[in-house]
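Beneath this line is the structure, given in structure tokens, with notes to follow.
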Amino acid sequence: MVRYRFCTECKLTKPSREFHNNHVDLKGFSGLCKECSKVIKAREAFERSQKGSCINCHKKIDKRKIYCNRKCLMSYVVKQWSLGNESTPITPNILNHIKSYLIEVRGERCEECGWNKIHPKTGRVPIDLHHKDGNSQNNKQENLVLVCPNCHRWAHLHLGSNRGRGRSSLKKAASDNGFTRDSWETKLT
């Protein structure tokens, strides 16, 4: 009778003979098939050999560091993001670097209306990064679009995403709670 085990790396169920029987020699690899444990061992050996060099540009650096500078760190994170690495943490600072990357790749113009007028003081086209689905946590490449400020405001205000949160609903909520213009003016003075 053939027994099967589940490999935690490749997420496949394989016959037990494709797993290591000796758990003492391969601590931490007990849930991995032989093929995956070889790949992980090779990856770890490569990473150990690269200590002392920047992960992104491979310049010689202090062995305690991973990147030679912050620019290299951001470049590496954007590269991982562009390759579709879902585990890349996206912060507002990294989002600015992603925007710069998208401008490099797609061009410095609005993808909706084609506007590309250069600002006289900055020398750049004012471009915003817009999430098509409105979810700021969804930073997949196909969800991000470069738009001019006019198209960006139009997308947020006129596509129904702001429905029910406009001026009339605020006035109604204020009057329902007993607030009037006169009561606010007396509180301010």
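Evaluate the stretch 143-151: report whether one residue or more is modelled with pLDDT under 90, closer than 28 Å to Asn56 by Cα and either within 17 Å of the chain's Cα centre (by Cα) or not in a loop (DSSP other than H, G, I, E, B) (or both). The answer is yes, given that some residue of the stretch 143-151 is modelled with pLDDT under 90, closer than 28 Å to Asn56 by Cα and either within 17 Å of the chain's Cα centre (by Cα) or not in a loop (DSSP other than H, G, I, E, B) (or both). Among the residues of the stretch 136-144, are any charged (D, E, K, R) and either in contact (Cβ under 8 Å) with a residue 60 or more places away in the chain or more than 24 Å from Ile94 (Cα to Cα) (or both)? For the stretch 136-144, residues charged (D, E, K, R) and either in contact (Cβ under 8 Å) with a residue 60 or more places away in the chain or more than 24 Å from Ile94 (Cα to Cα) (or both): absent.
Looking for whichever is on the phi < 0 side of the Ramachandran plot, β-branched (Val, Ile, Thr) and surrounded by 13 or more Cβ atoms within 10 Å (Cβ to Cβ) here; the options are Ile118, Ile103. Which one fits? Result: Ile103 is the single residue among Ile118, Ile103 that is on the phi < 0 side of the Ramachandran plot, β-branched (Val, Ile, Thr) and surrounded by 13 or more Cβ atoms within 10 Å (Cβ to Cβ). Looking at the structure I just gave you, is Asn69 of a type outside the set (Gly, Ala, Ser), surrounded by 12 or more Cβ atoms within 10 Å (Cβ to Cβ) and either more than 18 Å from the chain's Cα centre (by Cα) or within 28 Å of Cys7 (Cα to Cα) (or both)? Yes: the conditions hold for Asn69.
Filtering the stretch 69-117 to residues that are among the aliphatic types (A, V, I, L, M), closer than 20 Å to Asn135 by Cβ and not in a helix (DSSP H, G or I) leaves only Ile90.
The values are calculated or read from the model by the stated rules, or taken from the named source; none is laboratory data. The structure presented is a predicted model; accordingly, all values stated were derived computationally and were not measured. For neighbour counting, all protein chains shown are included, and Cβ atoms are generated from backbone atoms with ideal geometry for every residue, glycine included.
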